[in-house]
Amino acid sequence: MPNNRTLILRSRPEGMVKVEDFEVVDRPMPTPKDGEILVQNYYASLDPGLRKMLGATDGYWIPTPLGEPMATNTVGKVLESRHPDYKPGDLVTGTAYLQEYTAYAPGPMTWKVDPASRLSLSNSLGILGATGLTAYVGLLEVGRPLKGESVLVSGAAGAVGSAVGQMAKIKGCRVVGLAGGPEKCRRLIEEFGFDGAIDYKGKTREQLTAEIRALCPQGVDVYFENVGGIQLDAALACMNWGGRIPVCGLISEYNQTIDAEPMVNLFSIVGKVLRVEGFLSFTFKDIFPCALREIEEWILSGKLVYREHIADGIEAAPATFITLFTGQNDGKTVVKLADPTQI
Ligand SMILES: NC(=O)c1ccc[n+]([C@@H]2O[C@H](COP(=O)([O-])OP(=O)(O)OC[C@H]3O[C@@H](n4cnc5c(N)ncnc54)[C@H](OP(=O)(O)O)[C@@H]3O)[C@@H](O)[C@H]2O)c1
């Protein structure tokens, strides 16, 4: 009987998450209960939002208990099923734990992966999974940009942001991104086809406001928010009347222990009649099949490109998780737990 190597939360991080907050331990193989499937996880997703589940209370999911594994999306193979819709051998993506084998009840983020897909299996955690769907529903269902409008994206070189910018281009918008450093800004223009890029590093709110105004001379109609802080405040100053702000995430706050700089442009929400709307992608589950088909078509036709950052082995997960908050990750970040071609 194989061991089940599992990444557990050893201590609650205070401020920036540390490698020592986690530990890899052996756990017994789980046994599926009625309504559950036992899955061998090939890849596990590392998302910034997981940081919100490591605190004692403040999150959007159940806080991870100390000594227990982190919940995350995985893709793998069903080994045993006590659920009528799944059978052994099915490839499946769903919300499991960061471990080699998980028994879980299929939920809103669980679906079968087509074994004949021309894209690699890991993509079902990224562009053809939660990441692509988050970009799609956040931009198209919440932000609802019209052809010719200006779209500003923060975290623009990240997994979600780079997909948002390209989808906005597909819809005929003018797109500007905020990203950290000249290399990521170059990538926004040359690789992802943005019209403009702003390096936010070391800039004040006033400098960011001036740069956004320069690159969006007609104002911003949709600001896709991944970051928060002074980027949000600067964007508020540049929004057009009736603008929309889909709030996908606020990564600049996830490891923050000190009070954020006060916002000075909040009244723009009232004065410009803005619609500021938080969203969680899984609440749009009904449109996932259609959205996934459209995203796959865009990829196969070369309209949508993406980067993947694959860390090898569960031991690499803590250090790789930290790179999401230092900007050293390079695209959708996943951990490889087993090689699907060898099993
Ligand atoms: N609502 C939903 O359903 C949902 C689903 C998935 C993700 N999200 C959210 O979407 C956002 C992006 O996720 P992702 O998967 O695209 O992440 P990602 O690809 O890992 O991108 C993370 C990037 O964020 C930037 N960043 C990190 N710390 C920052 C800080 N303090 N200030 C400014 N930028 C910072 C870094 O890029 P730079 O080098 O450019 O700084 C980093 O590479 C996150 O806020 C996440 O929580 C929401």
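The table for this structure:
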item: Failed condition for V264, given (1) modelled with pLDDT of 95 or more; (2) within 16 Å of the ligand (Cβ to nearest atom); result: (2)
item: Selected residue [open to solvent by less than 20 Å² (accessible area, probe 1.4 Å), closer than 30 Å to G228 by Cα and in contact (Cβ under 8 Å) with a residue 24 or more places away in the chain] from L66, L54, L38; result: L54
item: Number of the condition not met by S81 [criteria: (1) surrounded by 13 or more Cβ atoms within 10 Å (Cβ to Cβ); (2) farther than 28 Å from T323 by Cα; (3) touching an Asp or Glu at 6+ places or on another chain (Cβ under 7 Å)]; result: (3)
item: Residue identified as closer than 22 Å to L324 by Cα and of a type in the set (A, V, I, L, M) among I212, I245, I230; result: I230
item: Search result, residues across the range 185-225 that are among the hydroxyl-bearing types (S, T, Y) and surrounded by 18 or more Cβ atoms within 10 Å (Cβ to Cβ); result: Y200, T209, Y223
item: G219 being more than 15 Å from the ligand (Cβ to nearest atom) and either among the polar types (S, T, N, Q) or free of Cβ contacts under 8 Å to residues at least 12 places away in the same chain (or both); result: no
item: Pair list, Cβ under 7 Å, 6 or more apart: the range 312-333 residue open to solvent by less than 40 Å² (accessible area, probe 1.4 Å), other residue at pLDDT below 95 and among the hydroxyl-bearing types (S, T, Y); result: F325/Y254
item: Residue check, R144 under 20 Å from the mean Cα position of the chain (by Cα) and more than 16 Å from the ligand (Cβ to nearest atom); result: yes
item: Residue list for the range 252-263, restricted to those being surrounded by 13 or more Cβ atoms within 10 Å (Cβ to Cβ) and assigned to a loop (DSSP other than H, G, I, E, B); result: Y254, N255, Q256, A260, M263
item: Selection status of G249, within 8 Å of the ligand (Cβ to nearest atom), open to solvent by less than 20 Å² (accessible area, probe 1.4 Å) and under 18 Å from the mean Cα position of the chain (by Cα); result: yes
item: The one condition in (1) of a type in the set (A, V, I, L, M); (2) in contact with an Asp or Glu (Cβ under 9 Å, 6 or more places away or on another chain); (3) within 17 Å of G196 (Cα to Cα); (4) surrounded by fewer than 24 Cβ atoms within 10 Å (Cβ to Cβ) that L146 fails to fulfil; result: (3)
item: Among residues of the range 151-175, those that are open to solvent by 10 Å² or more (accessible area, probe 1.4 Å) and away from the ligand (no atom under 16 Å from the Cβ), counted; result: 5
item: Strands (runs of 3 or more DSSP E) lying entirely in the range 1-103 (those with 3 or more residues that are among the aliphatic types (A, V, I, L, M) and closer than 30 Å to S252 by Cα); result: 4-9
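The values are calculated or read from the model by the stated rules, or taken from the named source; none is laboratory data. Since the model is a prediction, treat every value here as computed from it, not as a measurement. Every residue, glycine as well, gets a Cβ built from its backbone with ideal geometry; the counts of neighbours run over all protein chains shown. Remember, those area values only see protein heavy atoms, side chains included, never the ligands or the DNA or RNA. Shrake-Rupley method; radii C 1.70, N 1.55, O 1.52, S 1.80 Å.
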